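The structure appears right after this line, and notes come after that.
Values in this text are rule-based calculations from the coordinates and carry no lab data. Please read all numbers here as calculations on a predicted model, not as lab measurements. Cβ coordinates were reconstructed from backbone atoms using ideal geometry, including for glycine residues, and neighbour counts include every protein chain displayed.
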Amino acid sequence: MTKKIDFTKLFFPSLVFSGAVFVLGLLMLLIFGGKTYAEFTLNNLCWGYLVKTGFSLAFVFILTTLYFVVCYKKKGLWFGIFGVAAASVNAVVSFFLCVVFRANLGELTFAVILLSVLFTYITTLVFSFTVTEGLKEKKKKKTTLLLVEKMCLKSFRTMLLPLVLTIFAIIISFVLALIFGVSDLALYAFPVIFSIVSSVVTTLAYICRFYKS
Amino acid sequence: MKMLGKILSVMFVLLILIFSILSVSGYSYYFGDNKVTVFKGIKDLKLSEDLGGGVKFTLDPVTADEIYFDAPIVVDIIKERAAAAGINDYRLYVQDSTGNVELVVPNDTNSEFGAFELASFLSCIGDVTIREGNSFQQYAVDTKGNSVFTDFYDTESETVIFDRNYITGAKNITRKVDGVTYHCLDIELNLEGAAFLSQFTDPTANSDASYYNSTVSFWLDDRMISYVTLSEHLTEGIITFTDESFTAEKTKLYAAIINADAMLLQPTHIQDAEYYQIPLIMITLIAGIVLVALAFVLIYRYKLCGGIALVSIFFQFAMLLAFCTGFFAKAGGIVMDTSAVCAFAFTLMLTIFSNVYVTEKIKKDFTQHKFAPATIHEQFKSCRALIFGINVIVLLVAFVGFFMFGTSGLAITLFGDSAISSIHKFSTVLLIGTALNFISGYILPEFFLLNFRNFKFAQKAEMFGGKKND
């Protein structure tokens, strides 16, 4: 199945998906309001939280980029910057996926966003590793689009395992949550599935497009 | 890597399996009527208010005298108290529809206080007084088995000597006398208060208002906390209280309440907090189904490597569970909420990924090339960078969340008392789980495979997922 996937062609669908989720989520947030716990309403999220969140994101982005630079030298800087951009987009998309699926905007929303960010970074890392290994195998110094496409496909195959495992666990949790009447938790199943799948696919699609341009 | 003997390798696997069973089941016995817990199991896992319920205190910002208080100020005061006392396990918010402040504390608190006691201390008015005499006689046992004064709300000691106008702050300190550690609370008075105290405790003064050799007690609202006999001349404006029931945690909380502002609000409504009421059977079912499916796939597809991967996954699960429960009777553990459960599952997935990634590589290599168990370490070498990198990246993200959203001193100094317990718990479990994954996803599989390849049954390609008779 994965042999047929061309990630370069997936760039625009990914972009449209992210944009659509963003617009739809924003509209739903404005029209229906956020279905949220009291502690996560804007009144309760004071400046301290927002500043703290901003600093946390900055720390995460700086530290991870540094790690990429340490591991992959000059190329690592690009991988790091790329990871930051993809993680930011995917974090916003996963938040709005929670809004679209009407999941409560509470502590589990943070978990969904963090999972999406982690999957994005893991995908970027798997790709960086695969490309470096690929270059070593082929004894080449420069990456070509063909090589990147191949490596994207290889990275996707590697990422299939954590994706399938996570989705499998979530589907079982979803079914059992419905059986045991914990519908509040069941509402998170689809945002998690969509956000982790889109994190992996869009990251690889952006990478392909980035190399093409 | 140093080679272990065959017997030692098998014993090591057995030890991991025994530890896994122990960390799930726990071990306790009865001594008379008392249950003595030696090792904690899954039943001893502390659950947060969203999973295990708790108490909810509602504070109406309009008092009986119709004086309105700004709800965010009340929230700030409670947060300040909790942060100074190092308490993370609570939820606090202003209900938009009513303007009420709501404080939720889980039934399983990770502290010496029960849920109700902790909530009542955090939401108390904070009216600190030092009064004449003491009114209690007996100790009793609270919900957590600690000794407390029986007569909380006695009004006998009505003569207030010092109130908040004189009290500037408090410090929790420990003192060692003859090898015994005492937890004390130093109440600090302002200059005016210090002058009065010096005057009251002067043994040479001959006045009616002398408290020299008299007993004074320390009160929080209408609750007497401790008492002391003033048997020396106190000139520095500090009164030290200590008590048998004082612990480091208690004195820290009392000091935190005294150092924060008073609220002039009392809880108007106390009820049980709503929670998901997830039955244990559901969690067991999820874990069971995933585990059985995983064991089947791993052993069917990778044979020996699959079995070793399973042992590593058991190790990760058992170690992380032991960390969450505390494992040893006196260790605290952490209070799990739904986001912490997510982090638990994610780190397990990470271990599965690390193990399967390596075993898949070994299988592929043995299918494509000649079967040679001696070259196993080559495959590990080629996978190390990726597994290590993933662990480091997740560790970095977890560390930032752990540091920034908890009650660490530096984070509070920089960003104020804005801890978010759910992110802190998620990050804590992620941090520990990923750190453990360096062992279970990185070191253990290689260690086992290198030792197990010496067994006779492991000399066949099919045992590594390769073709039969290769």
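For chain A, dividing the convex hull volume of the Cα atoms by the residue count gives 126 Å³ per residue. In whole percents, the pair-distance distribution calculated for the range B:268-360 from its alpha-carbon pairs, binned every 10 Å from zero, is 14, 38, 29, 13, 4, 2, 0. Among B:THR37, A:THR203, B:THR325, the ranking by other beta carbons within 10 Å of each residue's beta carbon, starting with the fewest, stands as B:THR37, B:THR325, A:THR203. When B:PHE448, B:PHE296 are sorted by how many other C-beta atoms sit within 10 angstrom of their C-beta, beginning with the fewest, the order is B:PHE296, B:PHE448. Its Cα centre serving as origin, chain B has a Cβ charge dipole (Lys and Arg +1, Asp and Glu -1) of approximately 4980 debye. The gain in end-to-end length when the B:ASP222 to B:LYS456 segment is fully stretched comes to 76.6 nm, 0.36 nm per residue minus the alpha carbon separation. The calculated 222 nm mean residue ellipticity attributable to helices in chain B amounts to -14500 deg cm²/dmol, summing -39500 (n - 2.57) over DSSP H runs of n ≥ 4 and dividing by all residues. Put in line by how crowded their Cβ is, counting other Cβ atoms within 10 Å and starting with the fewest, B:ASP261, B:ASP76 read B:ASP261, B:ASP76.
From largest to smallest, the equivalent ellipsoid semi-axes obtained for the protein assembly as shown from the alpha-carbon gyration tensor read 55, 30, 22 Å.
Helices in chain A, meaning DSSP H runs of at least 4 residues, each add -39500 (n - 2.57). Divided by all residues, the mean residue ellipticity at 222 nm is -29000 deg cm²/dmol.
Inter-chain neighbour count for A:169-178: the average number of beta-carbon atoms from partner chains within 10 Å of each residue's beta-carbon is 5. With 23 Å as the limit, write out which pairs from B:LYS363/B:LYS456; A:LYS136/B:LYS361; A:LYS75/B:LYS425; B:LYS43/B:LYS330 have Cα-Cα distances beyond it, or answer none. From B:LYS363/B:LYS456; A:LYS136/B:LYS361; A:LYS75/B:LYS425; B:LYS43/B:LYS330, over 23 Å: A:LYS75/B:LYS425. The stretch between B:SER28 and B:VAL292, if pulled fully straight at 0.36 nm per residue, gains 92.2 nm over its current Cα-Cα span.
What FRET efficiency would be calculated for the residue pair B:LEU410, A:VAL70, taking the C-beta separation as r and a Förster radius of 25 Å, to the nearest 0.05?
0.50
Amide H contacts of B:PHE328 (H built 1.01 Å from N, in plane; Pro and chain starts excluded): B:LYS40 sit under 5 Å, all sequence-distant by 5 or more or on other chains. Once the mean 1/r over all distinct Cα pairs of chain B is inverted, what Kirkwood radius in angstroms do you read off? That comes to 26.1 Å for chain B. Extension gain for B:ILE283 to B:ILE18 (0.36 nm times residue separation, less C-alpha to C-alpha distance): 93.3 nm.
Taking θ as phi - 60° and the Karplus parameters 6.51, -1.76 and 1.60, the scalar couplings of the range A:74-86 work out to 5, 5, x, 4, 5, 4, x, 4, 5, x, 4, 4, 5 Hz in sequence order, x denoting glycine and proline. All Cα-Cα separations within the range B:240-399 were binned at 5 Å from zero, giving a P(r) of 1, 6, 10, 13, 13, 12, 10, 8, 7, 5, 4, 4, 3, 2, 1, 0, each value a whole percent of the pairs. Using C-alpha pairs under 8 Å with a sequence gap of at least 6, the mean separation divided by the residue count of chain A gives a relative contact order of 32 percent.
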